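The values are calculated or read from the model by the stated rules, or taken from the named source; none is laboratory data. Predicted, not measured: the structure shown is a model, and the values here were computed from it. So basically every Cβ, Gly included, is an ideal-geometry build from the backbone, and we count neighbours across all protein chains shown. Areas reflect the complete protein model, heavy atoms only, side chains present, ligands, DNA and RNA absent. Shrake-Rupley method; radii C 1.70, N 1.55, O 1.52, S 1.80 Å.
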Amino acid sequence: LVEREIPTYIVQDSMVELLLREPDFTSAARLAAVVNEAFPASALAVDSTTVRVQVPDDFAGTPVDFISRIESLEVQADAPARIIINERTGTIVASSRISIASCAVSHGNLTITVSSTLDVSQPQPFSNRGRTVVTPSTETAINEEKASLVTLPEMPTVEKVASALNALGVTPRDMMSIFQAMKQAGALQAELVLR
């Protein structure tokens, strides 16, 4: 139950504070630099969340117009290195900043096939003692693909990581296992998000 409206002020002491939705020092510094290009010496990144901007004298009476001009500025936000894996669909999405330290990877697949067929055994024609019976026949085959230990050099871009793993001929499901193992080994320099 709200009894009294809380007073809010967009501009205080001729200053506007811009708050980043995802705190990041690099993004805050880039935002301050872009604002300073458009309005020289007006912005200061206070911390990872806040950029304080001085309202120029030209916009003293119209702060909404000034904020509108700031909103139209383009800033390249700093994105964390992250790999998102959806195990249900087999989807892998990696940001451009992931890197892999030098490591060796071996990943093989073991396939076991069990097939069962039913055969019919009938007696010779006009036989008095024989009867028709159904006999099951089961075959088991084990196939393990040859896997070799492949050394991956240090790779600074997602393109190099993808091409190296594709050269190994791994499937998306295999890539998930490889990324998880690389993360556990400390070779994957990215946040791994499993969904």
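Screening region 121-139 for residues that are modelled with pLDDT of 75 or more and part of a strand (DSSP E or B) and picking the one that is nearest to the chain's Cα centre (by Cα) gives T135.
Applying the selection to region 37-56, what residues are under 36 Å from the mean Cα position of the chain (by Cα) and loosely packed, with under 14 Cβ neighbours inside 10 Å? Listed by number, the residues that qualify are E37, A38, V46, D47. The set of residues from region 14-30 being touching a strand residue (DSSP E or B) at 6+ places or on another chain (Cβ under 8 Å), open to solvent by 30 Å² or more (accessible area, probe 1.4 Å) and on the phi < 0 side of the Ramachandran plot comprises M15, E17, L18, L19, L20, F25, A29. Does V34 count as open to solvent by less than 80 Å² (accessible area, probe 1.4 Å), farther than 11 Å from V16 by Cβ and not aromatic (F, W, Y)? Criteria met by V34. Scanning region 77-99 for residues that are in contact (Cβ under 8 Å) with a residue 12 or more places away in the chain, part of a strand (DSSP E or B) and open to solvent by 80 Å² or more (accessible area, probe 1.4 Å) yields a total of 1. The set of residues in region 57-76 that are surrounded by 14 or more Cβ atoms within 10 Å (Cβ to Cβ) and part of a loop (DSSP other than H, G, I, E, B) contains only V75.
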